[in-house]
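These notes are about the structure you will find just below.
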Amino acid sequence: MDLMSTPDAPEFATALLAWFDAHQRILPWRDNRDAYRIWVSEVMLQQTQVKTVIPHFERFLRRFPTIHDLSAADEQTVLREWEGLGYYRRAKHLHQAAKQLAPLSTNGLPSDPKTWEELPGVGRYILGAVLSQAFDLRLPIVEANTIRVLSRLFAYRDDPRDTTGKKWLWQTAERILPTARIGDFNQALMELGALVCTPDAPACSKCPVASFCAANHLGEQASIPMAPTATVIESVREVAVILRRAGRMLLVQRPKTGRWADMWEFPRTVLTTDESNDQAAGRLLTEQGITAKLDCQFHELRHGVTRYRIQLAAWLADHEAGEFAAIGYQNQVWTSLEELANYPVSVPQRQLIQRLRSDGRSVSLFD
DNA sequence: AATACGGGGTA
DNA sequence: TACCCAGTATT
């Protein structure tokens with residue numbers, strides 16, 4: 001058996017960086033090493049593919065070119081700019097963190113890890129990604145691409161996603177860090193995972209570090225990393241009502257399950273009985289102390305969340321009397337028309353509004 | 001240790 | 001359809 005070089009050898013970083021220099025994609029956040037731009041990009045890229053992020057990133061940076069522009073904006077504006085990216089908590093945390101960081105950023109963003117660790121929405125990945133890329137601090141990263149790349153390089157056969165695997169990943173990511181070009185090295189590892197060391201059919205023949213790869217030597221690229229246990233997707237029915245008052249349309253949506261249900265207290269049993277959807281919608285309003293006429297417009301939308309496939313039945317209603325509260329993303333509760341009307345809507349909700357408009361209805365949610 | 005959190009891309 | 005994606009916070 002021949003000796004194989006391991007990825008903690010200096011030759012590994014040399015080979016990987018040479019490949020990165022020649023083959024990296026041109027991405028808008030690679031224009032320069034501005035910490036703010038890198039930070040925004042890393043937050044957007046959480047659980048979101050590069051191709052999806054690019055147009056949002058460019059629009060967001062035009063709207064908020066510096067951390068001071070972002071910190072000066074109100075939250076609703078930031079959330080609206082985030083529309084379509086999902087995981088809106090990211091935007092809230094980014095905005096809160098910008099407010100904390102802006103006063104410390106008169107000469108650029110701080111490079112002190114302690115300062116960054118305190119920020120909402122900044123975990124170990126964001127910390128390493130931003131500080132290694134912006135300031136070349138010697139901090140490791142672990143994320144979707146590098147989980148796969150590291151598992152294969154070392155032929156890690158256990159589940160890299162469990163507690164033991166995570167610990168191994170962070171230790172390994174730190175151990176193979178070179179002593180210079182840390183940010184490029186971290187990015188190169190991710191870029192390799194995105195372009196070469198892909199989940200299905202990795203292009204090992206084009207891999208610059210195949211000679212360092214245990215899985216490649218063993219021919220086990222297809223079985224490493226081990227597949228995660230499949231997620232069970234549950235189908236859920238939701239009821240929503242669109243309130244129309246004073247020329248404005250408002251969407252009131254019942255939460256799907258869990259914590260939201262505790263707040264809304266709309267009995268889920270309704271959804272599994274023979275009770276008609278009209279009655280369910282009527283009760284939804286009544287329980288909120290709202291008097292409304294339903295004109296029985298029925299729409300069915302599909303709204304994807306992690307573990308649920310949601311069928312949303314929506315009605316149009318004229319709001320006659322009564323105060324109301326509405327619930328939407330992140331347990332947000334609105335108590336005023338203004339607040340709700342200015343909140344970003346999800347893509348399915350936007351589709352619903354477009355459908356109403358195509359039916360000749362005047363929808364003025366944002367007008 | 002599990003779960004919540006979105007929406008888009010892809011075979 | 002089912003899985004994947006430059007994760008973090010909460011329970």
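The values are calculated or read from the model by the stated rules, or taken from the named source; none is laboratory data. Nothing here was measured: the structure is a model prediction, and the numbers come from that model. In this analysis, Cβ positions are derived from the backbone assuming ideal geometry, glycine residues included, and neighbour counts consider all displayed protein chains.
Looking at this structure, is residue A:127 crowded, with 17+ Cβ neighbours inside 10 Å, within 22 Å of residue A:142 (Cβ to Cβ) and out of contact with any Cys (no Cβ under 7 Å at 6 or more places or on another chain)? Let's see the steps before the verdict.
Details: crowded, with 17+ Cβ neighbours inside 10 Å: yes; within 22 Å of residue A:142 (Cβ to Cβ): yes; out of contact with any Cys (no Cβ under 7 Å at 6 or more places or on another chain): yes.
For residue A:127, the condition - crowded, with 17+ Cβ neighbours inside 10 Å, within 22 Å of residue A:142 (Cβ to Cβ) and out of contact with any Cys (no Cβ under 7 Å at 6 or more places or on another chain) - is met.
Any idea which of A:173, A:102, A:134 is in the same structural domain as residue A:71 (by TED's automatic domain parsing) and in contact with an Asp or Glu (Cβ under 9 Å, 6 or more places away or on another chain)? Show your work before the answer.
Working: A:173 fails: in contact with an Asp or Glu (Cβ under 9 Å, 6 or more places away or on another chain); A:102 fails: in contact with an Asp or Glu (Cβ under 9 Å, 6 or more places away or on another chain).
Only one candidate qualifies: A:134.
Would you point out which residue out of A:37, A:80, A:89, A:25 is more than 20 Å from the chain's Cα centre (by Cα) and assigned by TED's automatic domain parsing to the domain that holds residue A:128? Full working, then the answer.
Working: A:37 fails: more than 20 Å from the chain's Cα centre (by Cα); A:80 fails: more than 20 Å from the chain's Cα centre (by Cα); A:89 fails: more than 20 Å from the chain's Cα centre (by Cα).
Within the list A:37, A:80, A:89, A:25, the selection yields A:25.
Restricting attention to segment A:194-233, report how many residues are assigned to a helix (DSSP H, G or I) and in contact (Cβ under 8 Å) with a residue 12 or more places away in the chain.
First pass over segment A:194-233, keeping only residues assigned to a helix (DSSP H, G or I): A:194-195, A:204-206, A:210-212, A:214-218.
Cutting the leftovers down to in contact (Cβ under 8 Å) with a residue 12 or more places away in the chain gives us A:194-195, A:204, A:211-212, A:214-218.
Residues flagged as assigned to a helix (DSSP H, G or I) and in contact (Cβ under 8 Å) with a residue 12 or more places away in the chain within segment A:194-233 amount to 10.
Check whether at least one residue in segment A:205-215 is modelled with pLDDT of 95 or more, over 24 Å from the mean Cα position of the chain (by Cα), farther than 22 Å from residue A:176 by Cα and not charged (D, E, K, R), and report yes or no. Talk me through it step by step, then tell me what you get.
So in segment A:205-215, the residues modelled with pLDDT of 95 or more come out as A:205-215.
With over 24 Å from the mean Cα position of the chain (by Cα) added as a condition, the list becomes A:205-215.
When the remaining residues are screened for being farther than 22 Å from residue A:176 by Cα, the result is A:205.
Now drop any that are not not charged (D, E, K, R), which leaves A:205.
Looking through segment A:205-215, at least one residue is modelled with pLDDT of 95 or more, over 24 Å from the mean Cα position of the chain (by Cα), farther than 22 Å from residue A:176 by Cα and not charged (D, E, K, R).
Return a yes/no flag: does segment A:17-26 have any residue that is part of a helix (DSSP H, G or I), within 15 Å of DNA strand B (Cβ to nearest atom), touching a residue at least 12 places away in the same chain (Cβ under 8 Å) and touching a helix residue (DSSP H, G or I) at 6+ places or on another chain (Cβ under 7 Å). No, there is no match, as no residue in segment A:17-26 is part of a helix (DSSP H, G or I), within 15 Å of DNA strand B (Cβ to nearest atom), touching a residue at least 12 places away in the same chain (Cβ under 8 Å) and touching a helix residue (DSSP H, G or I) at 6+ places or on another chain (Cβ under 7 Å).
For residues that are touching a residue at least 24 places away in the same chain (Cβ under 8 Å), surrounded by fewer than 19 Cβ atoms within 10 Å (Cβ to Cβ) and more than 20 Å from residue A:197 (Cα to Cα), scanning just segment A:136-170, find the one that is farthest from DNA strand C (Cβ to nearest atom). So the residue we want is A:138.
Table: residues versus (1) within 11 Å of DNA strand C (Cβ to nearest atom); (2) farther than 25 Å from residue A:187 by Cα; (3) of a type in the set (Asp, Glu).
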position	(1), (2), (3)
A:49	yes, no, no
A:54	yes, no, no
A:61	no, no, no
A:98	no, no, no
A:104	no, yes, no
A:108	no, no, no
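For residue A:21, the conditions (1) within 13 Å of DNA strand C (Cβ to nearest atom); (2) within 30 Å of residue A:206 (Cα to Cα) are fulfilled apart from (1). A Cβ distance below 9 Å, combined with a sequence gap of six or more or placement on separate chains, defines the contacts here; from segment A:112-124, residues that are in contact (Cβ under 8 Å) with a residue 60 or more places away in the chain reach residues that are within 9 Å of DNA strand C (Cβ to nearest atom) and outside any loop (DSSP other than H, G, I, E, B) in the pairs A:121/A:43; A:121/A:89; A:121/A:90; A:121/A:93; A:121/A:97.
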